[in-house]
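Below is one structure, written out as structure tokens; the observations come after it.
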Amino acid sequence: MFPSGSSRHTAARALACATLALLPLLAVPATPQAAHADTAGALAACRRGEAADVSTSDFRVYGNGGGGIPGGANPPNLLQNGDVFLLLPSHYYRVKFDSWPWGPSYLEDGNGVTAPSGWPYPGSLEYSAILRFNNNPGGWVGPVHQATAFAGCTVWSGPPVRLLFGVNDPNPGDNSGYWSFGFYLYQASAH
């Protein structure tokens, strides 16, 4: 049964007003939502050689003391789970390993000989740059690494850490010189 003339128009107007009132609730936003930040985006940016979110082209690992990224006496954690980083050795600077003028000097991978027991990092290369990951304040995370092992885009999987470098030499006090690395960090939170 249909309403008569004027009640039909009243019902149509009421339905039109109700529909117009509901339209804002059904509307789709005109602007797209921001993309979700993730590791895949950071890894893709690293592989494409895009500008890093954090970088230094001349980080120095001193032959008589090592170094850290970030720098300072007690640096904060820098790498977060899912971040991507790259550590490129210069293969130019050398560390001299004794006080004699004719003593040996080596690039970042040392003399190529595996260090025996009694060395600071046995099983790693003698007279080489060493990298360890450290959570502030939790302590060491994972094994010791040759610093040159991270010359490709590497995804960090683990707790927040800082990068601490050492020298695989039982007597670093008489060393001089440094190695230089480029450090590039692509933060998952930014991609």
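Could you tally the net charge around G65, taking each other residue with its Cβ under 15 Å from the Cβ of G65, Lys/Arg +1 and Asp/Glu -1?
Within the 15 Å Cβ shell, the charges total +1.
At 1.4 Å probe radius, can you tell me the per residue accessible area of the stretch 37-171 in Å²?
That works out to 49 Å² per residue.
Using 7 Å Cα-to-Cβ label points, what is the N81/D98 separation (nm, one decimal)?
With each label placed 7 Å out from Cα toward Cβ, I get 4.8 nm.
Let me know the Rg and Dmax you get for the stretch 39-186 when you use only its Cα atoms, in Å.
Rg then Dmax for the stretch 39-186, in Å: 15.4, 50.
Once neighbouring chains are kept in place and the probe is 1.4 Å, which whole percent of the accessible area of the stretch 39-186 is contributed by carbon and sulfur?
Taking all protein chains in place, the stretch 39-186 shows 53 percent carbon and sulfur surface.
Local charge sum around G110 (other residues, Cβ-Cβ under 11 Å, Lys/Arg +1, Asp/Glu -1)?
-3
Quick one: Karplus J couplings for the stretch 163-175, per residue in order, coefficients 6.51, -1.76, 1.60, θ = phi - 60°, nearest Hz, x for Gly and Pro?
So the J values, rounded to whole Hz, are 9, 10, 10, x, 10, 7, 8, x, 9, x, x, 9, 7.
Net charge within 9 Å of Q187 by Cβ-Cβ distance, Lys/Arg positive one each and Asp/Glu negative one each, not counting Q187 itself?
Taking every other residue near Q187 into account, the sum is -2.
Of all the Cα-Cα pairs you can form in the stretch 132-191, what percent are over 19 Å apart?
43
The values are calculated or read from the model by the stated rules, or taken from the named source; none is laboratory data. Quantities reported herein were computed from a predicted structural model and do not represent experimental measurements. Ideal geometry is used to build each Cβ from the backbone, glycine not excepted, and the neighbour counts take in all protein chains shown. Areas reflect the complete protein model, heavy atoms only, side chains present, ligands, DNA and RNA absent. Shrake-Rupley method; radii C 1.70, N 1.55, O 1.52, S 1.80 Å.
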